Amino acid sequence: MLELDKLVTLIHSTLADAIDIEWLVKLIEYVLIGVGFLALYAVLALILILLERKICAYFQCRLGPTRVGPWGLIQPIADMVKILLKEIIKIDKTDWILFKVAPFIVIMGSFCTFGALQFGKGICGVDFNVGLFYMIAISSLGVIGILLAGWASNNKYTLIGAMRSGAQLVSYELSAGIALLTMVVLSGSLQLSEIIEGQAKAWYIFQAPLPAFIAFIIYLIAGHAETNRGPFDLPEAESELTAGYHTEYSGIQFGFFYLAEYLNMFIIAGIATMVFLGGYQPFQINAEWAEGFNNIMAYIPTWAWFFGKVFGLILLSLWVRWTFPRLRIDQLLKLEWKILMPISLLNLLLMSVWVLIF
Amino acid sequence: MDNMQKYIQTLAPKAQFEEGGQYLTTTIEPDALRKVATGLKEKGFDYLMCLTGMDYKESLGVIYHISSSNPKEKETVIVLKTSTTNREEPAIPTVSDIWEIATYYEREAYDFYGIIFVNHPDMRRLFLREDWVGFPFRKDYVVNDEINPVPTKVPDPDDYEAVPSYSLNKEGKLVKKTKSLFENKDYIVNIGPQHPSTHGVLHLRTKLEGEIIKHIDPHFGYIHRGIEKMCESMTYPQMLYLTERLDYLCGTMNRHGLCMCIEKAAGIEVPARAQYIRTIFDELTRIASHLIGWACMCNDMGSITAFIYGMRDREKIMDIYEETAGGRLMVNYYVVGGVAQDIHPNFVNRVKEFIPYMRKMIEEYHTLFTHNPIAAGRMKDCGFLTKEQAVALGVTGPSGRASGWSCDVRKIAPYAAYDKVKFDEMLHQGGGTFDRYMIRLEEIEQSLRIIEQLIDNIPEGDCRAKVPAIIKLPAGEYYQRVENARGDFGVYINSTGDKNPYRVKFRSPCLSLVTALDPMCTEQKIADLIMISGSLDYVIPCIDR
Amino acid sequence: MEVKDIKIKSMKTEDFKDNEYLQQYIEELQKDGLNIATEKLDDLINWGRSNSVWPFTFATSCCGIEFMCVAAARHDFARFGWEVTRNSPRQADVIFVSGTITYKMAPVLKRLYDQMAEPKYVIAVGGCSISGGPFKESYHVVNGVDKIIPVDVYIPGCPPRPEAMLYGMMQLQRKIKLENFFKLPKKPNISNGQTEGGNK
């Protein structure tokens, strides 16, 4: 009833009725989708920024923004207005092409991944047959932007930040990838819509409780590390490297890094939701007595399920962010190469055996 | 003490001894200085407490306050004095190889008085810029903004690195040699002067290899306000207000030190009520200071929530201050002869409410941070300072006690009401970051214990002794130590009997803490440097004065 | 436009001091004639800027502790949306000069100010940065930070209470709300019987 896929079909049929030329219809639809995604991206970033500021304030016995709009709700909009009009400083002795390109690469990487998320039944930008592979691949582009930013700024702090980030992202990419691969073994497909459809009866985390749960935890840790947020915020470790790799950026260029950081948090939570928690699928109990319950659950629209799960995971990530102190670089790498990586490899084996047996 | 006097006499036959002073005071020739210093070090006087440059108008001199790290009796301090009449090229042999901390103290004396320490390895200025003209603490120095204008340019990094040193040639003339501190290919990162975690404007030139620190060269003076020089033109009560701004986190304790020094010199008897109130206030300040120290250390390690928790609980102490004294950070409560006004009627109740609250909160800190695996993993096995190093560098206070050095002035030379209360001097043997972290939280508990014993027993009576309107100290030298939240804080006053002091010197415990950074952080990572400096909990304005 | 038109949530114009100064400031601005067509846009821009002033973490001495108190639980300047303290001057909007500025620090502060991106504001916190404060007589203290960089708001005190800092920040918000985006930069020359805080 509240599903949005009908709206999508409605728009398509109206357009197709009104305009006869097929390519024009397609073009208009592409533009609409693009604009829609951009808007969603921006709005989500604003919501996430507010959410983080409010939640961290409550963790710290504070109130958070209260004075801009009711309960401070439009605080991020004020920030956006400010940051859009802030001067962009041109710095001498930088590699200026790379310096300018870097924030775009970072935001592009995160936006391209964003486009492949399945927000609800039938609401997604693209649905490749290798969707999951595409997401892993394209989300790693961001690290290039960070490395470029650190290098091009011609500043020792940014360089250290960039090097840390390179080491960190490349390492954690591995266990994140293997954790997802574990689930691909279970689902037998890389296409996101198929992965999600496979969870209609029960989410994957319940289908293979032990290996899926281990993979889920590993993915949460590794994904959290990939977003560069505490306790893994070494690349921008505020108390050590002033502002890390984006020390020299001002105005909207800095805004891009800022947005991408928040959206990456959303994307990681989104992937975890799709692969482990059934994406937009409602919570179902696979038993006869629970039919009424299942119907009620199914009544809640799919997009609400998706966003509900994603924000639940984001809350978890914020909780970790605002509780733990920062790791040191050697501890960070030790955690990945000596703990997470062997466990995830063993877990992959376990999952293969599990799939063979059950 | 008599045998020490004989011992010095054998080392330096020309030594002159002063009678009736607070400590055993000896004046010796510069030539005999190194012999006496080495002899004293052998006799166990391994802690150079304070080194003061002096301008006696006709001569320039240095005063050494030397103590032992392991005193057999109560407090053993020997004062050595030496001077030279040559004002153009005053040369005094260095003792930096005997007491390590003298490396920095002698640089300070050079900076203020232009006294050249022969064979000192690093004769740069400590506080002022290299292009500063003149030596501001000399009595004939004239403040002139045309000679020393507000600089407009940040100096070239190379200027920091030319290290001069002086030695005597065969004819007895000074020869200057210059060498470079770093090489061209070294990767040097400037941490500071404006950096979020240097706890003030400290400038650390750090040589890195990847993430690993190879050498740290600290630069001070970005907040050098010349407080000691200003004191020379102030009356004694006026000076009190500057002491709180030295180390603002233990303002009351510093002020306590100066008050006691003046009271001792002027022979003013402080009423018992004031002594009790002062002790309670000192301990409250210690708690507040340790809370900020804990909070900032957590913040340096990336845990912002812990930072806010510490600041939240500190506000309770600020409330107590405000009710009685009216001030928050600058309490401005102690005056010569007692305290400014009596305590507020609510004071006792509020303090009593605070004690159980604070105990509960320490439990929370342990849950939130101490038992956190990441925090514990980072703090353990990192940033060690041995007891020998601590003594050589004069690292006192919680950081010295974490290395196993029993250096609590409240125990060694009790003052105010400290001899009437029972408390433990917290000692750890490890000397690591975790020891320094824990010792602060343990000291908060001890402070609560002290307050608990005193709060119900504040005697009735005056809170302020009768003090003449104009305080004049009899001619002489006075030294007073107090234990502030960072260590052994000392006040040295040299009076000529006037209403202004002739020379004032504050012994800052924080300078030693910063100098300890280099031995502790070498071969550690940058992240550790930030954490270790958080665990040392220094306050830069206290160093720069 | 008049002073009473500057809206600050749950504060009345009479609650503020120095309204005459702001009135003079407005008149100075109006001499050049505000363009009516852009006024609404200006309002939006100024609303955004005044509500999202990110401070630079800068402190040299005592006042820095009170600045930390403003950020912490009891006083919490996050309510105003100011809690995003930036450690890089490039991303900060306002610098709280909290603490004494000495001769050695002065060029560093100037450089930090130059590194900030427009629009940038300066708040002089405490006696030391206003005039040298208790250290006025010293040979190594700059008597007033306005000798090096232009100051927007002065918050007196030694150190000022956290409430005073919040008040000073609201005064800065009022000042920002008068800006004319299409005619920046504009620093009117007003002598209000005190030292002039303009570009020197």
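Laboratory data are not the source of any read-out in this text; all were calculated from the coordinates shown. These figures come from a predicted structure and were not determined experimentally. Here Cβ is always computed from backbone atoms with ideal geometry, including for glycine, and neighbour counts include all displayed protein chains.
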query = Dividing the convex hull volume of the alpha carbon atoms of segment B:2-181 by its residue count, what do you get in Å³ per residue?
reply = 147
message = Run the simple label-point estimate for residue B:59 and residue B:344 please: 7 Å along Cα→C-beta, distance reported in nm.
response = 5.4
request  = Sum up the lysine pairs in chain A that clear both bars: alpha-carbon distance under 24 Å and a spacing of 8 or more or different chains.
outcome  = 17
task = Hey, could you get me the Stokes-Einstein D for segment B:62-137, Kirkwood radius over alpha-carbon pairs, 20 °C and 1.002 mPa s, rounded to whole µm² s⁻¹?
result = 157
inquiry  = Starting from 0.36 nm per residue, how many nanometres of slack lie between residue A:126 and residue A:333 once their C-alpha separation is accounted for?
reply    = 71.1 nm
query = From the phi of every residue in segment C:167-173, what ³J(HN,Hα) in whole Hz does the Karplus formula 6.51 cos²θ - 1.76 cosθ + 1.60 yield, where θ is phi - 60° and glycine or proline is x?
reply = 4, x, 5, 5, 4, 5, 4
Cβ-based exposure ranking for B:116, A:343, in which fewest neighbours within 10 Å come first = A:343, B:116
task = Just need log10 I(q)/I(0) for segment B:193-249 at q = 0.27 Å⁻¹, Debye formula, equal scatterers on the alpha-carbon atoms, no solvent, rounded to two decimals.
result = -1.09
Over chain B, relative contact order from alpha-carbon pairs under 8 Å, at least 6 apart, % = 16
Chain A: relative contact order in percent, alpha carbon pairs under 8 Å with at least 6 residues between = 22
remark   = With R₀ set to 30 angstrom, the calculated FRET efficiency between the beta-carbons of residue B:360 and residue B:422, to the nearest 0.05, is 0.85
message = In whole Å, what are the extents of segment B:123-216 along the principal axes defined by its C-alpha atoms, from largest to smallest?
response = 47, 39, 21
inquiry  = Can you divide the C-alpha Rg of segment C:12-183 by 2.2 N^0.38 Å and report the result to two decimal places?
reply    = 1.05
inquiry  = Under a Cβ-only charge scheme (Lys and Arg +1, Asp and Glu -1), can you give me the dipole magnitude of the protein assembly as shown about the Cα centre, in debye to the nearest 20?
reply    = 1180
inquiry  = Quick check on segment A:13-127: what are the equivalent-ellipsoid semi-axes from the Cα gyration tensor, as sqrt(5λ), descending, whole Å?
reply    = 34, 24, 14
Partners for residue B:472 among aspartates and glutamates (Cα-Cα distance below 15 Å; same-chain residues under 8 apart left out) = B:232, B:263, B:498
message = I need the fraction of alpha carbon pairs in segment B:267-399 separated by more than 27 Å, rounded to a whole percent.
response = 37
query = Taking the Cβ of residue B:204 as the center, what net charge do the other residues with Cβ under 11 Å away carry, scoring Lys and Arg +1 and Asp and Glu -1?
reply = 0
message = Under the 0.36 nm per residue contour assumption, what length would be gained going from the current alpha-carbon distance of residue B:469 and residue B:88 to full extension?
response = 133.1 nm
note = From fewest to most C-beta neighbours within 10 Å, the residues B:449, B:436 line up as B:449, B:436
ask   = What FRET efficiency comes out for the pair residue B:70/residue B:131, r = Cβ-Cβ distance, R0 = 60 Å, nearest 0.05?
value = 0.85
task = Please state the charge dipole magnitude for segment A:1-103, taken about the Cα centre, from unit charges on C-beta atoms (+1 on K and R, -1 on D and E), reported in debye and rounded to the nearest 20.
result = 820
ask   = What area, in nm² and to one decimal, does the C-alpha convex hull of segment B:432-545 cast on average over all directions?
value = 10.5
note = Expressed in nanometres to one decimal, the distance between label points 7 Å along Cα→Cβ at residue B:189 and residue B:162 is 2.9
inquiry  = Working only with C-alpha atoms, what are the Rg and Dmax values of segment C:46-115, expressed in angstrom?
reply    = 12.7, 38
query = Between B:96, B:70, B:119, whose Cα lies farthest towards the positive end of the dipole of segment B:48-120 when Lys and Arg beta carbons carry +1 and Asp and Glu beta carbons carry -1, centred on the Cα centre?
reply = B:70
key: Expected-Rg normalisation [2.2 N^0.38 Å, Cα atoms] applied to segment A:90-357   = 1.05
ask   = Can you pull the Rg over Rh of segment B:340-494, Cα-only, Kirkwood?
value = 1.05
query = With no solvent and one point on each alpha carbon, what is the Debye value of log10 I(q)/I(0) for segment A:54-201 at q = 0.13, 0.14, 0.19, 0.20 Å⁻¹?
reply = -0.91, -0.99, -1.10, -1.12
request  = Would you kindly derive the ³J(HN,Hα) couplings of segment A:176-182 from the backbone phi angles with the Karplus curve 6.51 cos²θ - 1.76 cosθ + 1.60 (θ = phi - 60°), listing them in order in whole Hz, with x for Gly and Pro?
outcome  = 4, x, 5, 4, 5, 4, 3
query = So if we plug the beta-carbon distance of residue B:152 and residue B:173 into 1/(1 + (r/R0)^6) with R0 = 35 Å, what FRET efficiency do we get, rounded to 0.05?
reply = 0.40
message = Charges on Cβ only, +1 for Lys and Arg, -1 for Asp and Glu, centred on the Cα centroid of chain A; of A:78, A:104, A:293, which one is farthest towards the dipole's positive end?
response = A:78
key: For chain B: span of alpha carbons on each principal axis (Å, largest first)   = 72, 60, 51
key: Simple label model, 7 Å out from Cα along Cβ direction - residue B:370 to residue B:4, nm   = 3.8
query = Based only on Cα atoms, what Rg/Rh ratio does the protein assembly as shown have, Rh being taken as Kirkwood's radius?
reply = 1.01
